[in-house]
Amino acid sequence: MEARTTHEWCKRDYCPVEGEMCPTQPMGHEAARPPIEAAIVGRCRTRRRIAYSPPAHLCLSALLPCGASRRRRRRSSRRGAVPVPIAMALRSPELRWLGALTRPGRLAPSPLAALASPRRRRAPSPSPSPSPSDSSTPSTAPSSAGGPGAEGWEGPEWKKVSAKRFGIKESMIPAEAWNVLHRLRSRGYDVYLVGGCVRDLIMNKTPKDFDIITTADLRQVKDTFSGSAVIVGRRFPIVHVHENDSIVEVSSFHTCAKGSSGNQIYSSKNQNCSKNDFVRWKNCQRRDFTINGLMFNPYSEKIYDYLGGIEDIKKAKVRTVIPAGTSFQEDCARILRAIRIAARLGFSFPKETAYYVRTLACSVARLDKARILMEMNYMLAYGSAEASLRLLWRFGLLEHLLPFQAAYFSSTRFKRKDKGTNMLLVLFSRLDNFLAPNRPCHNSLWISLLAFHEALARQPQDPLVVATFALAFYLGGDMPLAVDIGKSINRQHDTFQELLEPKVWADKHLVDEVQSFAALMKRALTDMTDEYFVANAMAKIPQAPSSDLVFIPLQAYLKVLKFIECVQYGKKERGYEPKRDGKINYHNLSYGTHAEIRNLFTLVVFDTLYPTNMEDQQDGST
């Protein structure tokens, strides 16, 4: 194919298409688009296609010295390898998304050929266009060359679906989100609900939070909510709008590019693609998973699906927008988000996604500790803790994040895909019964449960000792009352390897045993937050990498420590009064008030020791 034509767009002496002096333009003109981008686009403005494979049609020899370029190209051609200029270009971040065009081993730890599902080729996209609105041409995929609808395109069909089809009603959106939507729209800005909240509304689930995207820039959003809005984030800046003790996150179409990695490259606009659809589609392309790439206009009651998210919801799949290996290398926090979403929704991973979740599991250790804590809190404090622990163990993430719990699974020979259960999973299953995405708990509660179980795993206890400890925990250290109530319990307990056969205890001996167990739990908590003991726990797991990651913050450690020491020393917490009504105040629970944490901890322990089904069996046998 002959590529020597008049390059109308080339404004400098170097032609990025042919890698040499442009024969049609004088030197000294303003800079043209970079060579890398021109290679990705694969065409110049003369509408002449550039072939990818022959070096003559994609000469990037400027990336190498002239002599070295020719010599290496000849050697690589004899070996049957990828041409050197292309191989060099593929090592650059700008071309990393083209990993599907060459051998996966150059871009990822392991080959994907036997596991990966067919890669979906992305549509070229236009230059920045006006803000989107709903008064646009029908939302159909472009059919021009190289875009959706073109020959060889494997991407999903663009859809615009009525929200009534899924039974979405106005009442399902809280007043705080409506207030933000109304105020932005009253100033003439377009507004959409976006991300996980749209996914949850489609599935008739309660969203954890509501995210909004608007055509206003962040400064305009902040001015709209003066005094109650603040811009947060560096890589992905958004606005936090405070409404009635809740936070509504607002992002902007104009600032999304600040968070883009550069892996998506856009070219000229396709004729059959509306400007408004393109702007929405371009924003959805930067999402992590297809089921999070949905937009909902609550005023027109239309849901925009450009990535096949609705189809993946039907299939119960968590699929990345771009190839999974590239997506997780770009942002390894997406691995934890994938686990969290799959656990909460009961979804599974496609083969490619599952492969890279397991292969790149060790990369999560590079995340900031605060980010790891946030992701772990989302998993364990919002009603999907048991499923999250199972998936973390199955895909090899638990040993990097909670090595003591991973060592427990390993020592009990709990298989990666085991469908059975154990006391740790039952504890968090009982916790899940009290929590939900809109009813979370404070992180000190699940940290307390982890330390509690670790102490039991190290030294099994009599069920009466465990019950009395939980009562003393609830009563704020009132040991005499805890012993009286504990000895009055006459219920059948569940059986776990962490529980011994029950026996009769004298009051003094029972108090001593409970306080000894409190000291053991204190030691377990300290070890979980000590890098030396974390590294030792990792060493007990076969084939586990060495790590000393500790992400539990000091503030949470001290909070749980105070709970334990009240029982250990038998001193009632000053000014503390236990809950009497039995109702859970979820607002206080999310902020970690002592009464709510102590109350729910004891409820979870008692539901684990004395499950209601065993009580029903006991009544039936009687």
Phi angles of segment 472-488, converted by Karplus (6.51 cos²θ - 1.76 cosθ + 1.60, θ = phi - 60°) into ³J(HN,Hα) in whole Hz with x for Gly and Pro, give 5, 4, 5, 7, x, x, 6, 5, x, 5, 5, 5, 4, 5, x, 6, 8
With 0.36 nm assigned to each residue of separation and the Cα-Cα distance removed, LYS169 to ASN244 gains 24.8 nm
The long-range amide H neighbours of ASP462, using H built 1.01 Å from N in the peptide plane and a cut-off of under 5 Å, are LEU500
Quick shape check on segment 398-617: root eigenvalues a ≥ b ≥ c of the Cα gyration tensor, a/c under 1.5 is rounded, otherwise prolate if a/b tops b/c, else oblate, and it reads rounded
Checking rank on 593-605, 189-201, with mean other Cβ inside 10 Å and highest first, the result is 189-201, 593-605
Taking a crude spin-label model, label points 7 Å out from Cα along the C-beta direction, the ASP494 to TYR576 distance in nm is 2.5
Cα-Cα pairs in segment 153-248 separated by more than 16 Å, as a whole percent of all pairs, come to 61
Summing +1 per Lys or Arg and -1 per Asp or Glu among the other residues with Cβ less than 15 Å from PRO542's Cβ gives +3
Output ordering of 398-404, 290-296 (per-residue mean of other Cβ within 10 Å, highest first) is 290-296, 398-404
For 579-585, 177-183, ranked highest to lowest by mean beta-carbon neighbours within 10 Å, the order is 177-183, 579-585
To the nearest 0.05, the calculated FRET efficiency linking SER590 and ARG234 through their beta-carbon distance, R0 being 22 Å, is 0.25
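Bear in mind these aren't lab numbers, they're just calculated from the coordinates by the rules spelled out. In this text, all values refer to a predicted model and were calculated from it rather than measured experimentally. Positions of Cβ are backbone-derived with ideal geometry, glycine not excepted, and every protein chain shown enters the neighbour counts.
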